[in-house]
Structure formats: C-alpha cells, structure tokens
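One structure below.
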Amino acid sequence: MNRRDMLKIAGLGAAGALLPACGATLPEPDVSVAGFGEGASGTVRLWCRSATRTGVEVVVQRFNQAHDRLRVELTPVLDSQYVTKLATAIRGRRVPDVVDIDDINSMLFLYRDALTDITPVVDALPYRSKLSPGHLRLATRDGRLYAVPFLADNSALFYNRELLDRAGVDPERSLSSFDGYLDAARRVRALGPEIYGWSIAGNSPGVLGFVVQPHIWAADARTIAGDVGAQTGDVAGNAVVRRTLELYRTMWQEGLLPKPNFADAATAWGSDFRAGTVGLFPANYAVAVLSADDKMRARTGVVLMAGPDGGQAFFDGGDNFAIPRGAQNPSGAWEFIRFALDPAQQAVLPTGGYTPVRSDVATADFRRKFPQAVAPLDRLGRGYAPPTLAYNLLYNQPDSPFIAMFRRAVFDGDVDGALKAGQVSFDRILKLAQL
C-alpha cells in the first residue's frame, strides 16, 4: 500500500491530494481591517457536520431571529464525507464562509494553508483566556490561530449515585486512581448478578479512543511523541499505557464488565448505564445524561477521568469554527462566530448534548440547570486531544492500532504483544502521515 492509498482510508488522502496545489492560492481575508465582524449584511454560508447538528442549529436559529440584515444558511454534511467535500470545495474555489469542523480535523486544513489566520480577532476577545486550551491547541500552527472553539464533546466518568451508595463507595474519595476504580467496581458488582461495575463499547474504535486515552493523559503521558512533521509512537515502553491496559484486562477477567461489551460497536453504548445496572461509565454528556430519563439523570454524578495514581483529564472533543480562505462573507462569518461564543448561546449547548467551551459560562444558574456538564469547565486546562494529522488512522478506523492494541491486551490477555505491535503500527502510520 503506497502513501496516498494509506491516507485516503481516513480522508487524509482527500485533503492531502486536493489541497496542496490550491489551498494557498485562495485569497485570505484581512481580519485586521477596521470594522471587521461588525455590521455585515447578506448571507453567511455555514457548513456543519451532521453529528453535531443539534448543537449548531439552536445557535443558528437564535442568530437568525435576532438579525435581519445578516442571515446564516446552514448546510449539514455527513461526517464521513466532510473532509473530502470541504477539500473539493476548496479545490473548486467555492467555499462556505464558516466551517464547523471536528477539532481533530482542523489540523488537516490549517496545515495545508486552507484556513484564515484569525489570530488578531481571537486575541482581542475579552474572554480569550477562558476558551478551551485543548480546542485552541488543535487550531494552532507556529503560534498562529486558524480556528476558534465552538462546542465541546468531552469524556468524563459518570456514575450511578444510588448503586455507589448501596456499595459503600464515596465517589469523591474513591474515583481518583486505578485502585479506587477497581475497589468501587468490585463493590458494585457484588450487589447482584445483573449489576456491573463498569461498562465500555469494547468494539468501537472511536469510543475507546475517547474514553480510554484520558487515563493516560491524566498521568501527563502520551501515546504520540514529537511535533507534527516528526512524530513517533510512544507505546511499547510506556508504563502508563501498560497500566491502563492492565486495568481494563483486570476488569474483564473479573467479570466487572458486562459480556456484551466485547462485541459492542457503540450500537448499545450507555443503554446498560441508563437502565441503572452499571455503576461506573466513561462516556460523554449526550450518552450518559441527555439520553437518560429524569430519574436516571437525578442519580447520575460525574468526575473527570483519573490516571493510575491520580491526576485528571478528559478528551477535548467537539467542534471548532474556522473561516476558509476564499470566503465571500468573512466579516459576517466572524460576527456569527462571536454571537455563537456569547454566554447566552454557550449556556444552552447542553440541551443539544454538548458543553460550553468557555469556563466562565459555569455560573450558579448553569450549575443548577446542568450539574453533570460542569466538571470539564471547572478544569478546562485538563482537556486534551492529540495534535496530529494521523488521528483518524491511529484511533478511529475499525483496524486502527489503538483498538487492536486494546482488544489484544484486554480480551486476549496479551499485554506485551499488544504493546509491541502497537508501537510498530503507530510508528508506521505516523511516518506515512507526516507533511
């Protein structure tokens, strides 16, 4: 398999093949011009990914209701087609004015000179220091910003207060290390034959990357070493990765995980937790809280993910807003983006299953309305997602090295073999996916 065929698997080929000769030739709007982002008129064409459509639509509706001189026209795009469609639009020189893009995929386009440098207008925001560092990290190249956070889809550890109370587990004290996890899971499992301590979607690459990696980051460890352009895997000799895999291996061996976890490709993700039969559940707000009934929500608590011996982290997923080079209404685009970042809009994101990207949105009123959405906002600096051009290949593909490593270690029990094979695959993909 050659380099281009390899990259096409996850959409990287589309961006890589279509953008180099054309992305830099599109005109870049001057965001420093006086009055930029103020008093624009006409239409702002916005593309959003279908997975986060509910979070985008509420903001677009509010904007259009509040403005008569400027209107946002929303076009949802299937996630599986987003990278290719945007790359094709850039190639054809007919781009939208704003793209709502998975923060992970922001890097594919900013590293190919397809996005507008919006550093001056972002730095001028009075709440600049309150914005999600994890999202911004994925929008940065050489100290310049090419996108701004919009909404967050964060992982956290949700728990059933009722089950933990019956099991004699204090979540604030126990859910802060792997030893505490195991003790809590064992106590909950002892409550009955149909009650389990923990639950995962063990055959879903996207879910496993989302909920397992934060354990590693909580210990300030990584699975990717180096900067974009010269990255390698950090797997085989990584003690934190080993202990994380051993944690899940122990839970599987001891029957703390439901047997259906083995085959679950996320089609049933969270249904057991929402049914009240699982004590601890790493997931996101949409699956653990928004999809639950009122009774289950009332007994759902949340903490951030811990590492082997402590620490905290969460996956900083979600979307960034960017203005493509060649946008026809960039001033109107920035006016809409600023509106979307206002507290009034950010504070309603949980109604669509997402959380704000501004820490100052966590007011007393917000905490009362959405108590399970606050944990990441209180420790926004602990959010992380790997800055790399190879994320989809490493983590999201059905045959990705991360899911292969996890399943070999956890379900087959071959931790050593999983780590060795993971290192080889990580290095191979990262070498192929460099600029």
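The values are calculated or read from the model by the stated rules, or taken from the named source; none is laboratory data. The model shown is predicted, which means the values in this text are computed figures rather than measured ones. With ideal geometry, Cβ positions are generated from the backbone for all residues, glycine too; neighbour counts draw on all protein chains shown. For accessibility, only protein heavy atoms count, side chains too; no ligands or nucleic acids. Shrake-Rupley method; radii C 1.70, N 1.55, O 1.52, S 1.80 Å.
When Asp68, Asp123 are compared by accessible surface with a 1.4 Å probe, the order from highest to lowest is Asp68, Asp123.
A probe of 1.4 angstrom, applied to the heavy atoms of all protein chains, finds Glu172 with accessible area near 130 square angstrom. Taking Cα atoms, how many degrees apart are the long axis of helix 205-218 and the longest axis of the chain, rounded to 10 and kept between 0 and 90? The answer is roughly 80 degrees. Given axes a ≥ b ≥ c from the Cα gyration tensor, I'd like to know whether the range 60-173 is rounded (a/c under 1.5), prolate (a/b larger than b/c) or oblate. Cα axes put the range 60-173 in the prolate bin. When the Gaussian network model of the chain links Cα atoms closer than 10 Å, the mean-square fluctuations of Asn396, Asn238, Asn105 top out at Asn238.
Build a GNM of the chain with springs between Cα atoms under 10 Å apart, and of Ala51, Ala327, Ala156 the one that fluctuates most is Ala51.
Test of understanding: express the Cα radius of gyration of the range 183-223 as a ratio to 2.2 N^0.38 Å, with N the residue count. Mind dumping the intermediate values first?
Values: Rg = 13.4 Å, N = 41, 2.2 N^0.38 = 9.0 Å.
After normalising by residue count via 2.2 N^0.38 Å, the value is 1.49.
Only lysine pairs 8 or more places apart, or on different chains, with alpha-carbon atoms under 28 angstrom apart are counted in the chain, and they number 9.
In this structure the range 255-322 gives 33 Å² per residue of accessible area when probed at 1.4 Å with all protein chains present. Note on the chain: helix-only mean residue ellipticity at 222 nm, from DSSP H runs of 4+ residues weighted -39500 (n - 2.57) and normalised by residue number, equals -11000 deg cm²/dmol. Taken over the Cα atoms of the range 275-362, the convex hull encloses 144 Å³ per residue. Treating each Cα of the range 208-264 as an identical point scatterer and summing with the Debye formula, the log10 of I(q)/I(0) at q = 0.13, 0.19, 0.21, 0.29 Å⁻¹ comes to -0.42, -0.76, -0.87, -1.19. Distances between placed amide hydrogens fall under 5 Å for Asp309 paired with Phe178, all partners being 5 or more residues away or on another chain. With the whole protein complex present, Leu304 retains an accessible surface near 10 Å², based on a 1.4 Å probe. When Rg and the Kirkwood radius Rh are both evaluated on Cα atoms of the range 364-435, their ratio Rg/Rh stands at 1.19.
When DSSP beta bridges are limited to those with both residues in the chain, what percentage is antiparallel, rounded to the nearest 5?
Values: 28 of 43 bridges.
DSSP beta bridges in the chain are roughly 65 percent antiparallel.
What is the angle, in °, between the Cα long axis of helix 239-253 and the longest principal axis of the Cα atoms in the chain? Nearest 10 is fine, range 0 to 90. Tilt of helix 239-253: around 50 degrees. Descending by average beta-carbon neighbour count within 10 Å, the peptides 347-353, 295-301 line up as 347-353, 295-301, the highest first. Compute the acute angle (0 to 90°) between the alpha-carbon long axis of helix 53-66 and the principal axis of greatest extent of the alpha-carbon atoms of the chain; round to the nearest 10°. Around 40 degrees separate the two axes. Gyration tensor over the Cα atoms of the chain: the corresponding equivalent ellipsoid has semi-axes (square roots of 5 times the eigenvalues, largest first) of 37, 27, 17 Å. Charging the Cβ of each Asp and Glu at -1 and of each Lys and Arg at +1, and nothing else, the dipole of the range 109-181 about its Cα centre rounds to 220 debye.
For Phe281, the solvent-accessible surface with a 1.4 Å probe is about 0 Å², rounded to the nearest 10.
Let me make sure I get this right: for the range 47-96, a, b and c are the square roots of the gyration tensor eigenvalues over alpha carbons, sorted descending. Under 1.5 in a/c it's rounded, otherwise prolate if a/b > b/c, else oblate. Which is it? Don't jump to the answer; show the numbers that get you there.
Values: a/c = 5.42, a/b = 1.54, b/c = 3.51.
Oblate.
How would you classify the range 163-254 from its alpha-carbon gyration tensor, with a ≥ b ≥ c the square roots of the eigenvalues: rounded for a/c under 1.5, else prolate if a/b is greater than b/c, otherwise oblate? List each step's numbers first, then the result.
Details: a/c = 2.74, a/b = 2.13, b/c = 1.29.
The shape class here is prolate.
From zero up to wherever the largest Cα-Cα distance of the range 191-299 sits, split into 5 Å bins and tell me the percent of pairs in each. P(r) for the range 191-299, in whole percents per bin: 2, 11, 19, 21, 18, 13, 8, 5, 2, 1, 0.
Leaving ligands, DNA and RNA out of it, report the carbon-plus-sulfur percent of the accessible area of the chain at a 1.4 Å probe. Roughly 47 percent of what the probe reaches on the chain is carbon or sulfur. For the options Leu108, Leu191, Leu257, a Gaussian network treatment of the chain with springs between C-alpha atoms closer than 10 Å singles out Leu191 as fluctuating the most.
If packing is taken as the mean number of other Cβ atoms within 10 Å per residue, what is the order of 84-91, 72-79, highest first? Working shown, then result.
Values: 84-91: 20.2, 72-79: 16.1.
Descending packing order for the listed peptides: 84-91, 72-79.
Over the range 165-269, Cα pairs under 8 Å with separation of 6+ residues give a relative contact order of 33 percent. Using Cα-Cα distances under 8 Å and only pairs 6 or more residues apart, what relative contact order does the chain have, in percent? That works out to 26 percent.
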